[in-house]
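Everything below concerns the one structure shown next.
The values are calculated or read from the model by the stated rules, or taken from the named source; none is laboratory data. Computed from a predicted model, the values in this text were never measured in an experiment. Here the Cβ positions follow ideal geometry from the backbone for every residue, glycine too, while neighbour counts run over all protein chains shown.
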Amino acid sequence: MEILLSQLFNGLSGGSILLLAALGLALTFGQMGVINMAHGEFIMAGAYTAFVVQNLLGDAGLSLLVSLPAAFVVGGLLGLALEALLLRRMYHRPLDTLLVTFGVSLVLQQLARDVFGTAGVDVAAPEWLSGPVEVFGVAFPKTRLFILVLAIVAVVVLSALLAFTPLGRRIRATVQNRSLAESSGISTRRTDRITFFVGSGLAGVAGVALTLMGSISSNLGTNYIVDAFLVVVVGGVGQIKGAVIAAFVLGVAQSWIEYSTTASIAKVVVLALIVAFLQARPQGIFVVRTRSLV
Amino acid sequence: MNISLARRLVAVATVSAMGLLVGCGARVSDDPSTGAAGAGCVDTSGSSVKIGFLNSRSGTMAISENTVYNSLKLAADQINAAGGVAGKQLAIVAEDGASEPTTFAEKAEKLIRGDCVAAVFGGWTSSSRKAMLPVFESNNALLFYPVQYEGLESSKNIFYTGATTNQQIVPALDYLKEKGAKSLFLVGSDYVFPQTANKIIKAYAKANGIEVKGEEYAPLGHTDFSTIVSKVKAADADAVFNTLNGDSNVAFFKEYKNAGLTADAMPVLSVSIAEEEVGGIGVGNIVGQPVAWNYYQTIDSAQNKKFVADFKAAYGPTKVTSDPMEAAYTSLYLWKGMVEKAKSFAVADIQKAAGGVTFDAPEGKVTVNGENHHIAKTALIGKIGQDGLIHTDWTSGKPIEPDPYLKSYPWATGLSG
């Protein structure tokens, strides 16, 4: 029973980490169709932002709370720069985008090495997040609870933004039919830029969360980028709720299979399941139905 | 001590194929005037002699191997300032292994045949060493390899100045046994070094009445240790033996602490975490945990104080020194000792003279074993302190003779087969 509960929690927690890493991507890749290989480096930038903020402020608790919005802005600005300088010249050229953003990711990694050194750095977790909470004899690490809550908050805020605000309506309209949206007076250029800002900002937030879990070094992003793309593809391109379900299903599957086998086998099995699933349902869990002909 | 078996096999295959090609196309390099010199074209007639440094200056291993390069450079500068080796100044030819075993093999070939160096120093991962081995053997040249590794190897063309298993893993187990550990949990990265190490650990445990409660491997670069830590916690062993490599250690120790586990309740003994890595893990996440090496920056000896001071003077006051760096530094001095004892730069003469060559290294006195080309080293178990440095907690007292095939340990029969 305890094992059951703790593994379920581990799965949900793993899912929430995947979700945070993938949420921004769900917006930029899912909604806008931009394959941004530098998304992982925006996550890395968020993690380094947390490191810089902690060194400036000293206090671990305060710096975590300051880091979250700071990393959102840093990630967002990086995204905005990428969009304005490179991507907007190559919408509808997905292969070029892939190569260019991959190049940008290499540049950002080298930049991180030059600025912060090749050795990993440490961001201390605040005292109120250290250690576990015991419920029914099961220990839940507080950092993982924090990330779970953060992921849920991020999803709720993003969904509300898309569903209830004028900006959200413009984003959805642009996604569903770009030319029709344009002819109804929506500035799709501006909408693209804001969408990219928000999506990249979410990557920054994910980076701050990841400082609680793992190492902070120049290859932080590469550890997560593939999983993040998997979540978006399995969830169904163009859907936030698809990404949410996919992240949690993959997280729980990984931790359950890992418990009865090993970490390496679990990775292989989960990947095989994804391949099999996409064979049967190439469009992912959810499909956006639009009236456009393409 | 690194990288997967598959890659290693591919690397070895590629290198063997390449060796054939190069072998056929190479110019005749055996200069009759140098006679016995195995590498053939080494020029020792002038006032200087060329040596090769082969480290990954780019790629994923650069972070570790740059520090080894720096220590080698420091040793070379010191030796040159003190008059050189047998009166000859050292001229360094540095090459980048680029974290690729095949590149290591290519550059080794280039250093031996193209640059005609007298000896090559470097390599870190076991895959890079295994890739270079046939190159050094077929050219009858010399490699000095400075990193602890999984043992079960001994080439007459390689000198191993890092620890083999009976100088690191076996003493670590002795230490845990002495501290009263009756059960162990094994956690490692999924590749050759941890798998081999764990085979040895299980054989030791069986012979010493220690129960192995679990054995878990994580893929290299694994970032989520919640399930593995759950298993460790549920198994409730007396200690954890950790052979994880790289970034995974950070995620593992953060998870370990957050799950409420401590160094007092269940110590985690690591064999791949040195002074360099502590900063990235965060001192608070790992303080009090034991590690096993043969050298720490905190060793209190005149030789070490000088080494640390010289290193900081050359590369900056915040730099730390670690076991592989010290082993690299020592390797150059050992080669100097061998050359001066042999009164020759020729490979055959050095091989003959190597046995018994000693050096008062920062880690203490080390002696070359002429049979297996490893060196006798003192094993030290250290604990990570609040200052981020490692402080010796237990020592084997005297240098341990290297035994890469564990032949002198009755419980290990069958491991090397």
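Figures for the structure shown
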{"item": "Residues that are among the aliphatic types (A, V, I, L, M) and surrounded by 16 or more Cβ atoms within 10 Å (Cβ to Cβ), drawn from the range B:75-90", "result": "B:ALA75, B:ALA76, B:ILE79, B:VAL85, B:LEU90"}
{"item": "Filter pass, B:ALA251 being at the interface with chain A (Cβ under 9 Å from one of its Cβ atoms) and either closer than 27 Å to A:LEU129 by Cα or modelled with pLDDT under 95 (or both)", "result": "yes"}
{"item": "One residue from A:VAL115, A:VAL100, A:VAL123, A:VAL104 being in contact with a helix residue (DSSP H, G or I) (Cβ under 9 Å, 6 or more places away or on another chain), under 30 Å from A:LEU62 (Cα atoms), modelled with pLDDT of 90 or more and assigned to a helix (DSSP H, G or I)", "result": "A:VAL115"}
{"item": "Flag if A:ILE17 is within 11 Å of chain B (Cβ to nearest Cβ) and either of a type in the set (Lys, Arg) or touching an Asp or Glu at 6+ places or on another chain (Cβ under 8 Å) (or both)", "result": "yes"}
{"item": "Single residue of the range A:120-133 satisfying the filter (in contact with a Gly (Cβ under 8 Å, 6 or more places away or on another chain) and surrounded by fewer than 17 Cβ atoms within 10 Å (Cβ to Cβ)) that is farthest from the other protein chains (Cβ to nearest Cβ)", "result": "A:TRP128"}
{"item": "Of all residues in the range A:134-144 being more than 8 Å from chain B (Cβ to nearest Cβ) and among the hydrophobic types (A, V, I, L, M, F, W, C), the one that is surrounded by the most Cβ atoms within 10 Å (Cβ to Cβ)", "result": "A:PHE140"}
{"item": "Selection from the range B:218-272 of residues that are over 28 Å from B:TRP394 (Cβ atoms) and of a type in the set (S, T, N, Q)", "result": "B:THR223, B:SER226, B:THR227, B:SER230, B:ASN258"}
{"item": "Residues of the range A:155-168 classified as assigned to a helix (DSSP H, G or I), surrounded by fewer than 20 Cβ atoms within 10 Å (Cβ to Cβ) and among the β-branched types (Val, Ile, Thr), total", "result": "2"}
{"item": "Test: residue in the range B:397-414 that is under 23 Å from B:ILE158 (Cβ atoms), basic (Lys, Arg), within 22 Å of the chain's Cα centre (by Cα) and in a loop (DSSP other than H, G, I, E, B)", "result": "yes"}
{"item": "Residue check, B:ASN242 within 21 Å of the chain's Cα centre (by Cα), under 21 Å from A:MET213 (Cα atoms), away from chain A (no Cβ under 12 Å) and surrounded by 24 or more Cβ atoms within 10 Å (Cβ to Cβ)", "result": "yes"}
{"item": "Lone qualifier among A:ILE171, A:ILE152, A:ILE147, A:ILE186 - being surrounded by 11 or more Cβ atoms within 10 Å (Cβ to Cβ) and assigned to a loop (DSSP other than H, G, I, E, B)", "result": "A:ILE186"}
{"item": "Matching option when the condition is farther than 23 Å from B:SER48 by Cβ, surrounded by fewer than 23 Cβ atoms within 10 Å (Cβ to Cβ) and basic (Lys, Arg), among B:LYS306, B:LYS343", "result": "B:LYS306"}
{"item": "Of all residues making up the range B:273-309, the number that are in a loop (DSSP other than H, G, I, E, B) and either within 14 Å of another protein chain (Cβ to nearest Cβ) or more than 20 Å from B:THR243 (Cα to Cα) (or both)", "result": "9"}
{"item": "Positions within the range B:141-152 being within 23 Å of B:ALA118 (Cα to Cα) and of a type outside the set (Ser, Thr, Tyr), in sequence order", "result": "B:ALA141, B:LEU142, B:LEU143, B:PHE144, B:PRO146, B:VAL147"}
{"item": "Single condition A:ILE171 does not satisfy, out of (1) more than 23 Å from A:VAL74 (Cβ to Cβ); (2) away from chain B (no Cβ under 14 Å)", "result": "(1)"}
{"item": "Identity of the residue in the range B:116-160, of a type in the set (S, T, N, Q) and out of contact with any Phe, Trp or Tyr (no Cβ under 6 Å at 6 or more places or on another chain), that ends up farthest from B:ALA75 (Cα to Cα)", "result": "B:SER138"}
{"item": "Residue satisfying all of: in the range B:108-159; part of a loop (DSSP other than H, G, I, E, B) and of a type in the set (Asp, Glu); nearest to the chain's Cα centre (by Cα) among these", "result": "B:GLU150"}
{"item": "Residue in the range A:64-83 that is under 30 Å from A:ARG172 (Cα atoms), in a helix (DSSP H, G or I), within 14 Å of chain B (Cβ to nearest Cβ) and at pLDDT 95 or above present", "result": "no"}
{"item": "Residues located in the range A:233-258, provided they are within 12 Å of chain B (Cβ to nearest Cβ), surrounded by 22 or more Cβ atoms within 10 Å (Cβ to Cβ) and of a type outside the set (Asp, Glu)", "result": "A:LEU250, A:GLY251, A:GLN254, A:SER255"}
{"item": "Boolean, B:PHE345 is touching a helix residue (DSSP H, G or I) at 6+ places or on another chain (Cβ under 8 Å), touching a residue at least 60 places away in the same chain (Cβ under 8 Å), in the same structural domain as B:GLY122 (by TED's automatic domain parsing) and outside any helix (DSSP H, G or I)", "result": "yes"}
{"item": "Members of the range A:1-26 that are in contact with a strand residue (DSSP E or B) (Cβ under 8 Å, 6 or more places away or on another chain), surrounded by fewer than 23 Cβ atoms within 10 Å (Cβ to Cβ) and of a type outside the set (Asp, Glu)", "result": "A:LEU5, A:PHE9"}
{"item": "Residue count for the range B:125-163, restricted to those that are at pLDDT below 95, crowded, with 24+ Cβ neighbours inside 10 Å and hydroxyl-bearing (Ser, Thr, Tyr)", "result": "4"}
{"item": "Test: residue in the range A:239-255 that is in contact (Cβ under 8 Å) with a residue 60 or more places away in the chain and in a loop (DSSP other than H, G, I, E, B)", "result": "yes"}
{"item": "Every pair of residues 6+ apart whose Cβ atoms lie under 7 Å, when the first sits in the range A:210-232 and is without any contact (Cβ under 8 Å) to a residue 40 or more places away in the chain and crowded, with 24+ Cβ neighbours inside 10 Å while the second is in a helix (DSSP H, G or I) and of a type outside the set (A, V, I, L, M, F, W, C)", "result": "A:GLY214/B:LYS254"}
{"item": "Complete set of residues in the range B:258-271 that are in contact (Cβ under 8 Å) with a residue 24 or more places away in the chain and crowded, with 23+ Cβ neighbours inside 10 Å", "result": "B:VAL268, B:LEU269, B:SER270, B:VAL271"}
{"item": "Residue among B:VAL187, B:VAL212, B:VAL232 that alone is buried (at least 22 other Cβ atoms within 10 Å of the Cβ), more than 9 Å from every other protein chain (Cβ to nearest Cβ) and within 26 Å of B:GLY414 (Cβ to Cβ)", "result": "B:VAL187"}
{"item": "For A:ALA247: the one exception among (1) aliphatic (A, V, I, L, M); (2) in contact with a His (Cβ under 9 Å, 6 or more places away or on another chain); (3) closer than 25 Å to A:LEU161 by Cα", "result": "(2)"}
